[in-house]
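This report refers to the structure that appears directly beneath it.
The values are calculated or read from the model by the stated rules, or taken from the named source; none is laboratory data. Because the structure is a prediction, the values reported are computed rather than measured. Ideal geometry is used to build each Cβ from the backbone, glycine not excepted, and the neighbour counts take in all protein chains shown.
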Amino acid sequence: MQYKLIAKVIGFKGLKGEIKIRPFSAFLFERLKPGNTIYLSNGKDYIKQKVKDYSLKGKQHLLILEELDDIELVEDYNKYNIYMDESFQLSLSENEFHEDDLIGLKVYQNKELKGEVIDIKNFPGSDYLVVKTINKNVLIPFRDEFIIYMDDIRIDVVIMEGLF
């Protein structure tokens, strides 16, 4: 089985086994639906668990696992990574993308290769592609008015003065 990293355990809240997590993936409400299977790992073993509940309270991502709803049962999992089976597929709407699928795409401007997507930054107004160029990293808003064309290999962006 292939595993996909989606989050990391960063602490705990309360006595009912609420696990604080740091997300490394989008669509957590779909991935961490009650009943879904996840895997906890410390780098050696993968421990299969079922999701009981996932919530976002303010900026805190909180996860409760079935049969581990007590602080004493979850404390040993501090700093563990959280994975899903890579074959788990989310149904995406048109113009929705997995962030992992965007990493590595080549970015072109006016048919000239300008760089490669190395990261995605999520800010309140929009998501931004972090594009590594020869000299620096640049941020490009991931919105229709900036993206001319996109496929599985490349992204063509509008000409913006001073961007590259």
**Study point:** Pick from segment 66-86, criterion without any contact (Cβ under 8 Å) to a residue 60 or more places away in the chain and among the charged types (D, E, K, R), ranking: nearest to LYS52 (Cα to Cα)
**Key:** GLU66
Point to revise | Residues located in segment 10-64, provided they are farther than 18 Å from LYS79 by Cα, of a type in the set (D, E, K, R) and assigned to a strand (DSSP E or B) | key: LYS50, LYS52, ASP53, LYS57
Review point. Of the numbered conditions (1) modelled with pLDDT of 90 or more; (2) closer than 30 Å to LEU40 by Cβ, PHE88 satisfies every one except a single condition; which is it?
Key: (1)
Study note, to complete from the structure: For segment 13-50, the count of residues that are touching a strand residue (DSSP E or B) at 6+ places or on another chain (Cβ under 6 Å) and of a type in the set (A, V, I, L, M) equals 6
Practice item. Output the residues belonging to segment 99-117 that are among the hydrophobic types (A, V, I, L, M, F, W, C) and exposed (fewer than 14 other Cβ atoms within 10 Å of the Cβ). Key: LEU113
**Study point:** Those residues of segment 108-127 which are in contact with an Asp or Glu (Cβ under 9 Å, 6 or more places away or on another chain) and either at pLDDT 90 or above or part of a strand (DSSP E or B) (or both), in sequence order
**Key:** TYR108, GLN109, ASP119, ILE120, LYS121, ASN122, ASP127
Check your understanding: Picking from LEU62, LEU5, which residue would you name as being under 12 Å from MET84 (Cα atoms), touching a Ser or Thr at 6+ places or on another chain (Cβ under 8 Å) and surrounded by 13 or more Cβ atoms within 10 Å (Cβ to Cβ)?
Key -> LEU5
Check your understanding: Are any of the residues in segment 86-98 out of contact with any Cys (no Cβ under 8 Å at 6 or more places or on another chain), in a strand (DSSP E or B) and either among the hydrophobic types (A, V, I, L, M, F, W, C) or over 29 Å from PHE146 (Cα atoms) (or both)?
Key -> no
